[in-house]
Amino acid sequence: MGQECFYKENRKDRGEREVLLTERLAKDGGQMLFRIRPMSQRENEDIWLRYGEDEKRYEGAVLAESVVFPDLKDAALQNSYGVVGAERLLKKLLLAGEYDRLRMAVEEINGGEGGCIEFI
């Protein structure tokens, strides 16, 4: 076995995953799952270049960029919480513990250790 396993066409990418962050957001008795995606190191570096001086803004931007659903950039959703911006919406939408679960889920989908997040 040579280095062919490192070729792009042989790479097994991680796809989007669904995760239950809160039971407070439900529709017709069913749970609303957040859908998150993995982030390339290039995307991570781009966010770091914008916010690296402010660790909290950097973390908020990484989390917001990782969320696929709900669409945190949707103006109507932002308006319903009286905020502008995906990062601010996320902080209004979730309680502190829920926000922390999102952080752990994003770390895990990007290859971090932890193993305590249950993806659906």
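Please treat every number below as a calculation from the coordinates, not as lab data. Note that the structure is a prediction, hence the values are computed from the model and not measured. Using ideal geometry, Cβ is built from the backbone for each residue, glycine included, and neighbour counts are taken over all protein chains shown.
The table below gives the values:
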item: Debye-sum result for the chain in log10 I(q)/I(0), which assumes one identical scatterer on each alpha carbon, at q = 0.11, 0.19, 0.20 Å⁻¹; result: -0.42, -1.10, -1.19
item: Within straight-line cross-link reach of LYS27, aspartates and glutamates at Cα separation under 17 Å, skipping those fewer than 8 residues along the same chain; result: GLU18, ASP71
item: Straight-distance crosslink candidates among lysines, where the alpha carbon sits under 29 Å from LYS56 and sequence neighbours closer than 8 are dropped; result: LYS73, LYS91, LYS92
item: Helix-only mean residue ellipticity at 222 nm for the chain, each DSSP H run of n ≥ 4 adding -39500 (n - 2.57), per residue, nearest 500; result: -13000 deg cm²/dmol
item: Computed over the chain: relative contact order in percent, which uses C-alpha pairs under 8 Å that are six or more apart; result: 27 percent
item: Charge dipole (debye, nearest 20) of the chain; +1 at Cβ of Lys and Arg, -1 at Cβ of Asp and Glu; result: 280 debye
item: Long-range amide H partners of LEU72 with built H, under 5 Å; result: none
item: Dipole axis of the chain (+1 Lys, Arg; -1 Asp, Glu on Cβ), positive-most option in GLN41, LEU77, GLY15; result: LEU77
item: GluC sites (Glu not before Pro) within region 8-67, DSSP loop, no more than 14 other Cβ atoms inside 10 Å; result: GLU16, GLU23, GLU53
